[in-house]
Structure formats: C-alpha cells, structure tokens
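We did not get these values from a lab; they are worked out from the coordinates using the rules stated. This one's a predicted model, so the numbers in the text were calculated from it and none came from an experiment. Cβ sites come from the backbone with ideal geometry, for glycine too, and all protein chains shown count toward neighbours.
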Amino acid sequence: MLQRHSLKLGKFSIRTLATGAPLDASKLKITRNPNPSKPRPNEELVFGQTFTDHMLTIPWSAKEGWGTPHIKPYGNLSLDPSACVFHYAFELFEGLKAYRTPQNTITMFRPDKNMTRMNKSAARICLPTFESEELIKLTGKLIEQDKHLVPQGNGYSLYIRPTMIGTSKGLGVGTPSEALLYVITSPVGPYYKTGFKAVRLEATDYATRAWPGGVGDKKLGANYAPCILPQLQAAERGYQQNLWLFGPEKNITEVGTMNVFFVFLNKVTGKKELVTAPLDGTILEGVTRDSVLTLARDKLDPQEWDINERYYTITEVATRAQQGELLEAFGSGTAAVVSPIKEIGWNNEDIHVPLLPGEQCGALTKQVAQWIADIQYGRVNYGNWSKTVADLN
C-alpha cells in the first residue's frame, strides 16, 4: 500500500512517498504506569525538566510502514550505537502546549500547524511523513493518561515534544529504512525563571543561523547545537540572546530560537508598523509568529497600523531608534510565547528599545501576550485554534 503526500518545501513542491501501513490511531496499545506520580507544586516546575508518567512511541519501517502506536511508561529508548540519528543527524522535533481551561477541559493550541510543519521537516530529511490528524488523536490520548499532571494557573501548561529519529543500523549516509516517532510531555511554568522581563540582545553577524537553500525553516535538531556557542559568547558580553543577522545588508532574521517582531512609527503618516521577516526559506514558520500576525491583522485598526512581512536591517532599527521611531520589539515562540526586548548591542553601542513606564514590555507586546493567553487558557474562543483532548469533570 502506498500513500502519496504533496508538501511545499520553500519554493519547491515535492511528492513524498510513504510505503506500507499508514499511521492509525485506532491501533493504539496502552500499557499504564503502575506507579502514577502526583502533581508537583507549580513553584517546583523547571521548564523541560519534569516529565509525565507516559510516553507515546510509534515505529516505522520502509517495508511495513507505520507500526502499532504504544502509550507506555516513560522510560529510556534502546538504540543501536550505529543508528543513523547519532551519526548523520536524522532528527526532527516539534513543540506545542496543552492548557487547562475554565470549562475544566484540557486543550491543545493549534496542533494542526505543528503537524504540518513536522511533516515538512520529515520530508526534507527523508524521514517518513504521517497523517496529521492521527498523530493529534494519539497525542490527545497520551495527555488523557496524565491529565492530572497538567498544571493549573496562568503561565503554566503541559509542553508537548513530538520527535522523530532515524534508527537504521549501520554506517553510511543514505535514506533511513527505519524510524521512530515518539512524544513526551512536560508540565511547565514560565520559560524564563525571571518571568516576563525584557531581555538584552547582541546583534550577531559573526555567525549565521540559516542561509538560502538550507533548512532554517525546519525544526531539525541540527539547527540548534551550532547556535549555542554564539549565545555563550554574547552572554559573556552581558546579552541574553543573539539577534541573528544575515548577508551584507545585515537583515534581521530571528532572535535566539524565536521569531522576532519590531514596531516602528512613521512620523510622516502617524501610522505604526508591526514588522517581521518574511518566510523566505531561512525563517522558521513559527506557530506563535502566525498567531501574532493573524491576531494583529484581525484586531488592530488598519487606519492606525500596517502589518508587514518584509526585510529590514539592523541599520534601519538603529536609525529609527535615533529618530524616535522605534517603539518596541519582542520575540515570539511556543516556549515563552512573547519575550520583550529592551536593548540591542550593535557596533559597540546599545540600541535602546522603549518599554512602558514601570513595566517590562511595550504596549503591543503586552496586548499580544494577553490575546494569545486568553485563547490558550480557554477564556476566549477564536476560530478552531483550541482542540479539546481531555475532560476533567
């Protein structure tokens, strides 16, 4: 049995070919953990360090296709030392969250967007694609097993990490014939221990996060490890993250592991502009990025605001800051949702980004954070962005 999928990868559309059985949530097998844990107090939740009692695993082979999905006690994986994930970086992942709502349910935030991006990542490195809705169903079943461990309170959620790795044995670069898709979940609080506080960035042109024709728009583990050294170097100079620049123009692309937005004022027209880099194949197709753009276009007055995806440079930011036209800036991503920016180091000087008096963010940053939180925590219904996966009643 052959399943054909068409995926758009940057400027190119490709036909992926998955052989054997499709991913099928109805075949799920559940082995419950005989020693269920108790929820930890919120103050003890360090981001990504506490995990729930169960995990989901699904094997794949080129000969058989997708195997039996299995929810089982959280535990170690057993892999051959020659598995291709270790030697040739056949690995990809996603990150999304689930939330407790006032209706006493647990919902996932826009999981369809993550599944689409995960399939694009898989196709790009010759790992198998899958039926998005089936993995969403299976992830919901996983969350249901551990629903008592989903923390309560604003800023607290269940972080979900779907991962796919190539597991073929033997050395030699080639298309993996075996793979493993697995999902783990982690009760989390705010991403930054300091809470919602503005950060200092170093504009970075001495290292490049992604380049045209590369894989900067995919969630591959190989994209992240090379960024740690520049981050450490920036930290030595007093900056929390890198503001990644690209090319001789010094185009602003992303910040750390997040998308980034700037707000400018046009003193001639009086209009404000919310701007972020375009999806040109080097920028990660962030789910939070898309949410910010969608909400801004829906809720901001077009007579007062322009919402643009365009190229802009560190020089433009510096110039507009000098002219009093830089109003605010923030990063966006699943882990932190929005992260306000207060300073950018460039050419041995600091570009100061305005904040609201006595606060740690700008006005739009604060509004965007509230818009998204209201949807995530079920206080506001917006389209089909929230998918209920468990009932706590």
Practice item. Return the long-range amide H neighbours of N259 (sequence gap of 5 or more, or a different chain), with a cut-off of under 5 Å between placed amide H atoms. Key: S332
Check your understanding: If one computes the Cα centroid of region 63-103 and of region 201-251, what distance in Å separates the two points?
Key -> 27 Å
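Report the equivalent ellipsoid semi-axes for region 127-200 in whole Å, largest first, defined as the square roots of five times the eigenvalues of the gyration tensor built from alpha carbon atoms. Write out the running numbers ahead of the final one.
Working: eigenvalues 206, 74, 20 Å².
Working through the eigenvalues yields semi-axes of 32, 19, 10 Å.
Only four residue types carry charge here, +1 at the Cβ of Lys and Arg and -1 at the Cβ of Asp and Glu. Report the dipole size of the chain about the Cα centre in Debye, rounded to the nearest 20. Kindly include the intermediate steps, with their values, before the conclusion.
Working: 43 positive and 39 negative charges, 175 e Å.
Using Cβ point charges on Lys, Arg, Asp and Glu, the chain gives about 840 debye.
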Point to revise | Overall dimensions of region 310-393 by Cα: Rg and Dmax, Å | key: 17.1, 57
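What is the fewest-to-most order of E325, E134 by other Cβ atoms lying within 10 Å of their Cβ? Mind dumping the intermediate values first?
Values: E325 17, E134 20.
So the residues, fewest neighbours to most, are E325, E134.
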Practice item. Just need the Rg to Rh number for region 199-361, please, alpha carbons only, Kirkwood Rh. Key: 0.94
Point to revise | Set K218/K387; K169/K387; K271/K342; K29/K97; K219/K299 screened for pairs whose C-alpha atoms are more than 26 Å apart | key: K169/K387; K219/K299
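Grab the DSSP H runs of the chain that are 4 residues or longer, score each as -39,500 (n - 2.57), total them, divide by all residues and round the 222 nm result to the nearest 500 deg cm²/dmol. Walk me through the intermediate numbers first.
Working: 7 runs with 78 residues, N = 393.
Result for the chain, helices only: -6000 deg cm²/dmol.
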Practice item. Give the residue from T107, Y377, L279 lying farthest towards the positive end of the charge dipole for the chain; charges sit on Cβ (+1 for Lys and Arg, -1 for Asp and Glu) and the dipole is referred to the Cα centre. Key: T107
Point to revise | Ranked list, fewest to most other Cβ atoms within 10 Å of each Cβ, for K72, K218 | key: K72, K218
Review point. In units of 2.2 N^0.38 Å, what is the alpha-carbon radius of gyration of the chain?
Key: 1.02
Check your understanding: How big is the antiparallel share of DSSP beta bridges in the chain, given as a percent to the nearest 5?
Key -> 80 percent
Review point. If you take the charge dipole of region 60-133 about its Cα centre, with +1 on Lys and Arg Cβ and -1 on Asp and Glu Cβ, which of G95, L77, I125 is farthest toward its positive end?
Key: G95
**Study point:** Rounded to 5, percent antiparallel among DSSP beta bridges of region 2-189
**Key:** 95 percent
Exercise for review: Specify which residue in the list T269, N154, T50 is farthest towards the positive end of the charge dipole of the chain, using unit charges on the beta carbon of Lys, Arg (+1) and Asp, Glu (-1), about the Cα centre.
Suggested key: T50
Check your understanding: In region 39-118, which trypsin sites (Lys or Arg not before Pro) are in a loop and have at most 12 other Cβ atoms within 10 Å, using DSSP for the loop call?
Key -> K63
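Please report the equivalent ellipsoid semi-axes of region 326-373, computed as sqrt(5 x eigenvalue) of the Cα gyration tensor, largest first, in whole Å. Walk me through the numbers on the way to the answer.
Working: eigenvalues 89, 34, 10 Å².
Square roots of five times the eigenvalues give 21, 13, 7 Å.
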Review point. Per 5 Å bin, what is the whole-percent P(r) computed from every C-alpha pair distance within region 2-189?
Key: 1, 8, 16, 19, 20, 15, 11, 7, 3, 1, 0
Point to revise | Euclidean distance of C-alpha centroids, region 362-393 and region 300-345, integer Å | key: 23 Å
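Counting other C-beta atoms within 10 Å, which of W244, W385, W211 has the fewest, and how do the rest follow?
Values: W244 26, W385 21, W211 13.
Fewest to most other Cβ atoms nearby, the residues stand as W211, W385, W244.
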